[in-house]
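*Asks:* Please find one structure pasted underneath; my questions will follow.
The values are calculated or read from the model by the stated rules, or taken from the named source; none is laboratory data. Everything quoted here is computed from the prediction, not taken from an experiment. Cβ sites come from the backbone with ideal geometry, for glycine too, and all protein chains shown count toward neighbours.
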Amino acid sequence: MGQWLSERFSQPFVIENRPGAGTNIGAEVVVKSPPDGYTLLLVAAANAINVTLYDKLNFNFIKDVVPVARITDTPLVMEVNPALPTRTISEFIAYAKGNPSKVNMASAGNGTVQHVAGELFNISTGIELRHVPYRGSPQALTDLLGGQVQIMFDTVPS
């Protein structure tokens, strides 16, 4: 994205990753930067989720950030370990209802878009998936493939 922007606007764009606290560290740096039009924030679903998860952010995401452009859509997919005796979503829901709290759902961590998607699936289907948070999608996906967890909602890039 930085190279594309640099070519498009004929000036350098510097990408500075500020990971941590579920995107809150990077967002705070941008919000507290001078409003000179030279600092941009790549917003993800986590930024919107964090507004509901954190009581005391050092900024007001809704008021302090102004959208400039939408550059991507990242759909989520439901991934199920193939050892489960289900092949459709309806079969999976029936299986989960017949085995309450026995189906483990991996996520990339508490409050992530993967976690929220799984909880929304629980609410909308009336099932109880047991949440197992990981420190990121790669570790969660590894355990999904290994059978330690049975389901994961994840972004297509992961």
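*Asks:* Suppose we keep only residues that are polar (S, T, N, Q) and under 28 Å from Val116 (Cα atoms) within the range 1-57. Which one would you say is farthest from the chain's Cα centre (by Cα)?
*Replies:* Here the residue is Asn17.
*Asks:* Would you mind listing the helices (runs of 4 or more DSSP H) fully within the range 1-84 where at least 2 residues are touching a residue at least 60 places away in the same chain (Cβ under 8 Å)?
*Replies:* On the way: elements: 2-9, 24-31, 45-53, 61-64.
Correct list: 45-53.
*Asks:* A further question follows. Looking at the range 44-55, can you tell me whether even one residue there is aromatic (Phe, Trp, Tyr) and surrounded by 14 or more Cβ atoms within 10 Å (Cβ to Cβ)?
*Replies:* yes
*Asks:* Might you check whether a residue that is within 19 Å of the chain's Cα centre (by Cα) and closer than 29 Å to Ala21 by Cα occurs anywhere in the range 91-103?
*Replies:* Looking through the range 91-103, none of the residues is within 19 Å of the chain's Cα centre (by Cα) and closer than 29 Å to Ala21 by Cα.
Results for (1) among the small types (Gly, Ala, Ser); (2) in contact with a Pro (Cβ under 7 Å, 6 or more places away or on another chain); (3) at pLDDT 95 or above; (4) under 30 Å from Tyr38 (Cβ atoms), shown as yes or no for each residue.
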{"site": "Leu76", "(1), (2), (3), (4)": "no, no, no, no"}
{"site": "Asn122", "(1), (2), (3), (4)": "no, no, yes, no"}
{"site": "Gly136", "(1), (2), (3), (4)": "yes, no, no, no"}
{"site": "Thr142", "(1), (2), (3), (4)": "no, no, yes, no"}
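*Asks:* OK, next. For the range 116-133, which residues satisfy the criterion of being in contact with a strand residue (DSSP E or B) (Cβ under 6 Å, 6 or more places away or on another chain) and over 14 Å from Met78 (Cβ atoms)?
*Replies:* Matches in the range 116-133: Arg130, His131, Val132, Pro133.
*Asks:* Separate question: Just name the residue that is farthest from Val113 (Cα to Cα) out of those in the range 146-158 that are of a type outside the set (Asp, Glu) and surrounded by 13 or more Cβ atoms within 10 Å (Cβ to Cβ). Before you say what the answer is, go through the steps one by one.
*Replies:* Start the filter on the range 146-158 by keeping residues that are of a type outside the set (Asp, Glu), which leaves 146-153, 155-158.
When the remaining residues are screened for being surrounded by 13 or more Cβ atoms within 10 Å (Cβ to Cβ), the result is 148-153, 155, 158.
Details: Gln148: 21, Val149: 18, Gln150: 18, Ile151: 15, Met152: 11, Phe153: 9, Thr155: 9, Ser158: 12 Å.
Once the filter is applied, the top-ranked residue is Gln148.
*Asks:* What are the residues in the range 116-149 that are in contact (Cβ under 8 Å) with a residue 60 or more places away in the chain and part of a loop (DSSP other than H, G, I, E, B), if any?
*Replies:* Selection gives Gly147, Val149.
*Asks:* For the range 17-55, enumerate the residues that are among the charged types (D, E, K, R) and modelled with pLDDT under 90.
*Replies:* Of everything in the range 17-55, those that are among the charged types (D, E, K, R) and modelled with pLDDT under 90 turn out to be Arg18, Asp36, Asp55.
*Asks:* While we're on this one: Any residue in the range 24-36 that is hydroxyl-bearing (Ser, Thr, Tyr) and more than 30 Å from Asn122 (Cα to Cα)?
*Replies:* Checked against the condition, which is being hydroxyl-bearing (Ser, Thr, Tyr) and more than 30 Å from Asn122 (Cα to Cα), the range 24-36 yields at least one hit.
*Asks:* Restricting to the range 123-141, name every residue that is of a type in the set (S, T, N, Q) and either within 17 Å of the chain's Cα centre (by Cα) or not assigned by TED's automatic domain parsing to the domain that holds Val80 (or both). Show your work before the answer.
*Replies:* The first filter runs over the range 123-141 and keeps only residues of a type in the set (S, T, N, Q), leaving 124-125, 137, 139.
Across the range 123-141, the qualifying residues are Ser137, Gln139.
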